[in-house]
Amino acid sequence: MTESSFNREDFAYIDENYKRIKQQIADAAKAAGAHENSIRLMGASKTVAPAAINHAISIGLNCIGENRVQELTEKYPRLELENCDCQFIGRLQTNKIKYLLDKVSQIQSIDNMGQIRELARLLEKRGSCMNLLIEVNIGKEENKGGIMPEKLLEFVDEARQYRQIHINGLMAVPPAVDEIPTLMGYFEQMRKYFIDIEGKKMDNVDMNILSMGMSGDYCEAIACGANMVRVGSALFGKRN
Ligand SMILES: *Cc1c(COP(=O)(O)O)cnc(C)c1O
């Protein structure tokens, strides 16, 4: 999608979507006994043109997530990020990590020690630190990113030894299922891991962010304890 294909109507569409989503998040938070401000909305902005992303930021969106390093690198100079946090949520090859360090505040899709070691090496050179979420393959699906649940604790325990990174929570993309109870079962399992790990009080590990829920299921995710939802198509429109 080119930038010139965006006009006022597209922006009005984003306005409407944003308002509706924020209201639904507030309602879902209230129903879950959480404060609406405790749930963060991330705009999942893959394939979305910078003009549309910037418009969403101008009406209050304060967090975006990109999936591909190359796409982020291309769009980055045109993004107006003074009041918006930029994070990475896609499959991540170790050799591309170096392109992210000056652009993102948090990587949500960490699922192997090679990534941790490379991050630690690069961050040490820069003299900085980065927050990470560990992605969990909660449905144990082949061809999907994330640590297998039974390996999660061991992984967190090894990763936390690197002082240049800070483990800030968990992320998951559950299997696409039609039955709401099945879906919520995955979300509930994530919350259980989140609480279990927090309870271990491990040095350099804080379970601050539980990132789960997308356009079709963010209300269910909030009901199960998500405090960050990653919404793409419901906010920006269908992807091509
Ligand atoms: C694309 C994507 C989303 C958003 O998906 P929608 O269904 O469009 O809301 C969320 N999380 C990740 C990791 C994604 O890749």
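The values are calculated or read from the model by the stated rules, or taken from the named source; none is laboratory data. What you are looking at is a predicted structure, and each value in this text was computed from that prediction instead of being measured. Neighbour counts run over all protein chains shown; Cβ positions are idealised from the backbone, glycine included. For accessibility, only protein heavy atoms count, side chains too; no ligands or nucleic acids. Shrake-Rupley method; radii C 1.70, N 1.55, O 1.52, S 1.80 Å.
Against the conditions (1) part of a helix (DSSP H, G or I); (2) among the basic types (K, R); (3) within 30 Å of R126 (Cα to Cα); (4) open to solvent by 40 Å² or more (accessible area, probe 1.4 Å), where does K75 fall short? Just the number, please.
(4)
Could you please find all residues in the stretch 204-217 being touching a helix residue (DSSP H, G or I) at 6+ places or on another chain (Cβ under 7 Å) and either within 16 Å of the ligand (Cβ to nearest atom) or part of a helix (DSSP H, G or I) (or both)?
L210, M212, G213, S215, D217
Quick check on the stretch 31-52: of everything there that is in a helix (DSSP H, G or I) and hydrophobic (A, V, I, L, M, F, W, C), which residue is nearest to the ligand (Cβ to nearest atom)?
A52
How many residues, within the stretch 102-153, are assigned to a loop (DSSP other than H, G, I, E, B) and among the hydrophobic types (A, V, I, L, M, F, W, C)?
Residues meeting the conditions: 4.
Among the residues in the stretch 148-169, are any touching a residue at least 24 places away in the same chain (Cβ under 8 Å), open to solvent by less than 60 Å² (accessible area, probe 1.4 Å) and closer than 22 Å to A29 by Cα?
The answer is yes, given that some residue of the stretch 148-169 is touching a residue at least 24 places away in the same chain (Cβ under 8 Å), open to solvent by less than 60 Å² (accessible area, probe 1.4 Å) and closer than 22 Å to A29 by Cα.
Please count how many residues of the stretch 18-32 are among the aliphatic types (A, V, I, L, M) and loosely packed, with under 13 Cβ neighbours inside 10 Å.
The total comes to 1.
How about the stretch 219-237: which of its residues are near the ligand (Cβ under 8 Å from one of its atoms) and either open to solvent by less than 10 Å² (accessible area, probe 1.4 Å) or in contact with a strand residue (DSSP E or B) (Cβ under 6 Å, 6 or more places away or on another chain) (or both)?
Listed by number, the residues that qualify are R230, V231, G232, L235.
Going through G114, G60 one at a time, which residue ends up being on the phi > 0 side of the Ramachandran plot and either basic (K, R) or modelled with pLDDT of 95 or more (or both)?
Just one listed residue meets the conditions, G60.
Out of I110, I116, I59, report the one residue that is farther than 27 Å from D157 by Cα, open to solvent by less than 70 Å² (accessible area, probe 1.4 Å) and out of contact with any Pro (no Cβ under 7 Å at 6 or more places or on another chain).
None of the others qualify; the one that does is I59.
With the requirement that a residue be open to solvent by 90 Å² or more (accessible area, probe 1.4 Å), more than 14 Å from I138 (Cβ to Cβ) and in a helix (DSSP H, G or I), what does the stretch 181-203 give you?
Across the stretch 181-203, the qualifying residues are P181, I195.
Please work out which residue is nearest to P50 (Cα to Cα), limiting yourself to the stretch 65-110 and to residues that are among the polar types (S, T, N, Q) and in contact with a Lys or Arg (Cβ under 7 Å, 6 or more places away or on another chain).
Looking at residues that are among the polar types (S, T, N, Q) and in contact with a Lys or Arg (Cβ under 7 Å, 6 or more places away or on another chain), I get N67.
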